[in-house]
Every structure is written in C-alpha cells, then in structure tokens.
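Working notes, beginning with the structure itself.
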Amino acid sequence: GQQVMQIPQYQHVQEGEDFTTYCNSSTTLSNIQWYKQRPGGHPVFLIQLVKSGEVKKQKRLTFQFGEAKKNSSLHITATQTTDVGTYFCAGPPGNQFYFGTGTSLTVIP
Amino acid sequence: DTGVSQDPRHKITKRGQNVTFRCDPISEHNRLYWYRQTLGQGPEFLTYFQNEAQLEKSRLLSDRFSAERPKGSFSTLEIQRTEQGDSAMYLCASSAVTVYNEQFFGPGTRLTVL
C-alpha cells in the first residue's frame, strides 16, 4: 500500500542552525503538501507543490518537489524557537490523502 | 469563529460503547476529511466527502466505523462497540476546490476508551 516516510523522525538543533526534513513516497504523487503541527495543536497548511522539480520559498523555508514526484524536502535556514513542531508532508494519490510519518523539530535556545 | 469546529473536544467512554463525533467545516468548503492521529504519528486518512457523497474510505475504517455528511455541510463519525485501540485524536479537515486544495483542520476530538 501507499507509504510516505520522512526522515529524520526527530531533530534537535541549536537556534540559528539549519534544518532539513526529507519525504519519500512509495508511489508517484500528483502533488505534495506540507503541514506544521505545534505541540498540542492541529496541522496547519504551509504549502503545496505540484510540478516536477518545483522549488518554492517562504521566508526562511525552502520546499522542493523531486523530479519523479516521489520525494520532497523542507529546509529551514537559521532556525528560531518559533519553528518548533512536527512537520508533515502529505500527498493525494487519488482521493485518499496520506500523511508522512513526520519530523519533530526541537530548537534549543 | 469561521474555522472548522469539532464536538466534543474530549470523550471518555467504556469499551463496547458507541460514540459519535461531529464536525462543522468552513461553510463554503465542499470537501471534508476525517483522520485519526495517535501520539507520535501522522494523521491517518479515514474517509473523504465531496458535498454529501462519501468518495473514499480507508481500509482502516472497519465496519464499526461509519461517517455521514447528510446535507453536504456538517459530518458525523460514529464508532460502534469501541475498543481500547480506538483511543486517539480524531481530526476533521475541510477544503474548497481551489488550486491549492489547502486543508483546514479542526481542533480534534480526543477519544479515550477505558
């Protein structure tokens, strides 16, 4: 069945360091979305990527969709304590929507 | 508040009891999703509605689970004969048919089965 894996599962960084999470799908995705979930909160939409090889930036966040549309990455430059949370990729092969396993980011002040 | 709302926020029940959760999506959204999330895991897709039509159901959704969206607005998720393994956060999300198909999540209903 469809699987969406993310690595690493956990990441601790010092404030100001960079952070990257990688997302890999077992099947081709029509598009990929990224969500952030703060501790005790619900997922909040960050961005959607649709095109093969697409790169989008939001301030310190850079999102990339792989050429084969089976993998994606999220890179945060110069992390801040407000970046704490779990980052999920998610994709719809059809009407079902599969979330990745998530990467939990801890930022040490 | 114009966001997605869910009721109740917390539910404690005994094994074998039936429970029903309600989700009120953002009013103009015609797509509605239900997910289940356990600690340390990503949301697991359960089912998807477009208007009142249930277009997709996960194999995870056993015959004890049923969802409805009778008028294409609010939705209910019922779990019959609850089991301890059903303990989780049940999340509802809604989206409009747009380029981004951004899902807006509700606060969730936390179910504890004793």
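In terms of its Cα atoms, the protein assembly as shown spans 49, 37, 35 Å along the principal axes, sorted from long to short. Computed about its Cα centre, the charge dipole of chain B is approximately 420 debye, with only Lys, Arg, Asp and Glu carrying charge at their Cβ. A P(r) calculated from all alpha carbon pairs of the stretch B:1-70, with 5 Å bins opening at zero, reads 3, 13, 21, 26, 22, 10, 3, 0 percent.
Which of rounded, prolate, oblate describes the stretch A:35-109, given a ≥ b ≥ c as roots of the alpha-carbon gyration tensor eigenvalues and a/c under 1.5 marking rounded, otherwise prolate only if a/b is larger than b/c? Verdict is oblate for the stretch A:35-109. Counting Cβ atoms of other protein chains within 10 Å of each residue's Cβ and taking the mean over peptide A:46-57 gives 1. The residues packed around B:GLY85, meaning those with a beta-carbon under 13 Å from its beta-carbon, carry a net charge of +1 if Lys and Arg are +1 and Asp and Glu are -1.
Note on B:29-42: average number of Cβ atoms from other chains within 10 Å of each residue's Cβ is 3.
Readers should treat all values here as calculations from the given coordinates under stated rules, not as data from a laboratory. Every value quoted in this text rests on a predicted model; they were computed, and no experiment measured them. Here the Cβ is made from the backbone with ideal geometry for all residues, glycine too, and neighbour counts use every protein chain on show.
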